[in-house]
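Enquirer: Would you mind keeping the following structure in view while I ask a few things?
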Amino acid sequence: MKVWTPEYYHHFRCIAGACPDSCCKEWEVDVDDTAAAFYRNLEGPLGDRLRRVMKDTDDGTVMIIEDGRCPMWRQDGLCRIQAELGHDALCQVCQQFPRLRHDYGTFVEYGLELSCPEAARLILSQSHKMSAEEIPGGEEPDYEEDVMQILLESRQRILQFLDETPLSPNQALAVLLLYTHSVQSWLDGGEEAVLDVEDCLELAKKYAANGDWNLLVSFFQNLEILTPNWRDRLAVPLADSSWHTGFIPLVKYFIGRYWLQAVADYDLIGRVKMIIAACLLVYHLGGKFVETAQLFSKEIENDPDNLESLLDGAYTSPALTDIHLLSLLLNC
Ligand code: SF4
């Protein structure tokens, strides 16, 4: 089977003590059962400390947060478990983060999570070109293969459009929304979707009316909020927004991560509205682009409840209707 990897993936190295945020900060790390059992039986001062800071919840074992951080975090930015016992002693989440692996049975795709500052820097500045490696293995897919084929073809088309378009990112996002409606109809049994950029843009301009940023921001204010920093940013946007070119890699990252997931429930339009809402919010909050995108990802992408609410909101919230998204994209 083929394993696909974006070029930026190979350049990732954890910057540990130099990390401006750290994956140990503000998150309750999930400890898998194997690691939890190992930690509970570990002798010596590290074992004693681990037994004190692990907590059992209804959803499994977590590390408690102390002073806003994982209690295994050391002043030098390194993890005490890794420093004393090595990488293999880390729980699964900490071994993998920020690496992503999407296994579709007959092929696998790798990526990085935007919520890690160093990964965000690479994702938003380096090539997304995919290379493939053939490895043994693979299994029968548990999805409709013709649906996956549609998703792969349409994703290829929209990524190529994003690579080549002279349009500004907000106009490109409007085209993405209109094209996705055609792909959704293709998925639902309609005709093959054609990407006609001029048609999409003309239609988008016709639908765009007056958008209300407060509607969008209050939607996000009503989701779960992890950090005080995010609460402050939502309360007072930094107001130096611009649709600079970094948005194209951001959209490509989201498309790479979420487009094929529609094979499970055929809901492509909900995911694309989620992507557009994410870009609009990052634009509106302003500040340093990479930092704002990373913070968005930490707060929203890494919280399954927030992601679910955002997907639901694509169908229920007035902030996320097609017309409102197009209005914010083209008229504000
Ligand atoms: S967030 Fe990324 S760069 Fe920072 S400590 Fe974690 S893995 Fe390393």
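The values are calculated or read from the model by the stated rules, or taken from the named source; none is laboratory data. Please read all numbers here as calculations on a predicted model, not as lab measurements. Don't worry about glycine lacking a Cβ; one is built from the backbone with ideal geometry, like all the others, and counts go over all protein chains shown. With ligands, DNA and RNA removed, areas are computed over all heavy atoms of the protein, side chains included. Shrake-Rupley method; radii C 1.70, N 1.55, O 1.52, S 1.80 Å.
Enquirer: Residues of region 123-272: accessible area per residue at 1.4 Å, in Å²?
Expert: So region 123-272 comes to 52 Å² accessible per residue, rounded to a whole number.
Enquirer: Additional query: What list of ³J(HN,Hα) couplings, whole Hz, do you get for region 201-207 from phi and the Karplus terms 6.51, -1.76, 1.60, once you set θ to phi - 60° and write x for glycine and proline?
Expert: For region 201-207, the Karplus curve yields 5, 4, 5, 4, 5, 5, 7 Hz.
Enquirer: Carbon-plus-sulfur fraction of the accessible area of region 89-145, 1.4 Å probe, in percent?
Expert: 44 percent
Enquirer: With only Lys, Arg, Asp and Glu charged, each at its Cβ (+1 for the first two, -1 for the last two), find how big the charge dipole of region 1-110 is about the Cα centre; round to the nearest 20 debye.
Expert: Dipole about the Cα centre, nearest 20: 300 debye.
Enquirer: Going by alpha carbons, how many degrees (0 to 90, nearest 10) lie between the helix axis of 44-53 and the longest principal axis of the chain?
Expert: 50 degrees
Enquirer: State the Cα centre-to-centre distance between region 127-163 and region 249-273 in whole Å.
Expert: Distance between centres, Cα-based: 12 Å.
Enquirer: Continuing with the same structure: Per residue of region 326-332, in order, report the coupling 6.51 cos²θ - 1.76 cosθ + 1.60 (Karplus, θ = phi - 60°) as ³J(HN,Hα) in whole Hz, putting x for Gly and Pro.
Expert: 5, 5, 5, 5, 9, 10, 10
Enquirer: May I pose another question? With a 10 Å radius around each residue's Cβ, average the other Cβ atoms per peptide and rank 199-205, 133-139, highest first.
Expert: 199-205, 133-139
Enquirer: What nm distance separates the two modelled labels at His181 and Ala37, each placed 7 Å from Cα along Cα→Cβ?
Expert: Inter-label distance under the simple model: 5.4 nm.
Enquirer: Something else: How compact and how long is region 226-275, expressed as Rg and Dmax of its alpha-carbon atoms in Å?
Expert: 14.7, 39
Enquirer: Would you please put 51-57, 319-325, 24-30 in order of how densely packed they are, using the mean number of other Cβ atoms within 10 angstrom per residue and starting with the highest?
Expert: 319-325, 24-30, 51-57
Enquirer: For region 12-164, what are the per-bin percents of Cα-Cα distances with bins 5 Å wide, up to the bin holding the maximum?
Expert: The distribution over region 12-164 is 1, 7, 13, 17, 15, 13, 11, 10, 8, 3, 1, 0, given as percents.
Enquirer: Working with all protein chains in place, sort Arg13, Arg80 by solvent-accessible area computed with a 1.4 Å probe, largest first.
Expert: Result, largest first: Arg13, Arg80.
Enquirer: If I measure Cβ to Cβ between cysteines in the chain, which ones have no partner under 4.7 Å?
Expert: Within the chain, the cysteines lacking a partner Cβ under 4.7 Å are Cys14, Cys19, Cys23, Cys79, Cys91, Cys94, Cys116, Cys200, Cys279, Cys332.
Enquirer: Quick check: at a probe of 1.4 Å, how many percent of the accessible area of region 220-332 sits on carbon and sulfur atoms?
Expert: Summing carbon and sulfur atoms, their accessible area is 54 percent of the total for region 220-332.
Enquirer: Could I ask something else about it? Measuring from label point to label point, each 7 Å out along Cα→Cβ, what is the Leu215 to Glu192 span in nm?
Expert: 3.7 nm
Enquirer: Show me, bin by bin at 10 Å from 0, the whole-percent P(r) of region 111-163 based on Cα pairs.
Expert: Histogram of Cα-Cα distances, whole percents per bin: 17, 32, 40, 11.
Enquirer: Which whole number of Å³ per residue matches the convex hull of the alpha-carbon atoms in region 5-50?
Expert: Cα-based convex hull of region 5-50, divided per residue, equals 149 Å³.
Enquirer: Ordered by packing density, taken as the mean number of other Cβ atoms within 10 Å over each peptide's residues, highest first, how do 263-276, 148-161 rank?
Expert: Answer by packing, highest mean first, reads 263-276, 148-161.
Enquirer: Placing +1 at every Lys and Arg Cβ and -1 at every Asp and Glu Cβ, with all other atoms neutral, what dipole size does the chain have around its Cα centre, in debye to the nearest 20?
Expert: With Lys and Arg at +1 and Asp and Glu at -1, about 1380 debye.
Enquirer: A follow-up question, please. Considering only Gly60, Trp27, Pro45, whose Cα is most displaced toward the positive end of the charge dipole of region 23-62, charges sitting on Cβ of Lys, Arg (+1) and Asp, Glu (-1)?
Expert: Of the options given, the answer is Pro45.
Enquirer: For Ala235 and Gln75 in the same chain, what is the full-extension length gain: residue separation times 0.36 nm, less their Cα-Cα distance, in nm?
Expert: Contour length minus the Cα-Cα distance gives 54.5 nm.
Enquirer: Rg and Dmax of region 234-332, using alpha carbons, in Å: what are they?
Expert: Rg and Dmax of region 234-332, Cα atoms, are 13.2, 39 Å.
Enquirer: Still on this structure, please answer the following. Calculate the dipole size of region 66-200 relative to its Cα centre from +1 charges on Lys and Arg beta carbons and -1 charges on Asp and Glu beta carbons; express the result in debye to the nearest 20.
Expert: Here region 66-200 has a charge dipole of around 920 debye.
Enquirer: Compute the separation of the alpha-carbon centres of region 24-100 and region 303-332 and state it in Å as a whole number.
Expert: The distance from the Cα centre of region 24-100 to that of region 303-332 comes to 36 Å.
Enquirer: For the chain, what log10 I(q)/I(0) values come out of the Debye formula at q = 0.07, 0.11, 0.16 1/Å, with one point per alpha carbon and no solvent?
Expert: Computed log10 I(q)/I(0) values: -0.32, -0.77, -1.46.
Enquirer: Follow-up. With unit charges on the beta carbons (Lys and Arg positive, Asp and Glu negative) and the dipole taken about the Cα centre of the chain, which residue among Val183, Leu310, Ala293 sits farthest to the positive side?
Expert: Going by the charge dipole, the pick is Ala293.
Enquirer: Let me ask something else. Filter Lys2/Lys288; Lys252/Lys288; Lys206/Lys288 down to the pairs with a C-alpha to C-alpha distance above 29 Å, please.
Expert: As for pairs spanning more than 29 Å Cα to Cα, those are Lys2/Lys288; Lys206/Lys288.
Enquirer: Compute the projected area of the convex hull of the Cα atoms of region 141-267, averaged over all viewing directions, and report it in nm² to one decimal place.
Expert: One quarter of the hull surface, i.e. the mean projection, equals 9.9 nm².
Enquirer: Now a separate question. Any idea what Rg and Dmax come out to for region 59-107 if you just take the C-alpha atoms, in Å?
Expert: 13.9, 44
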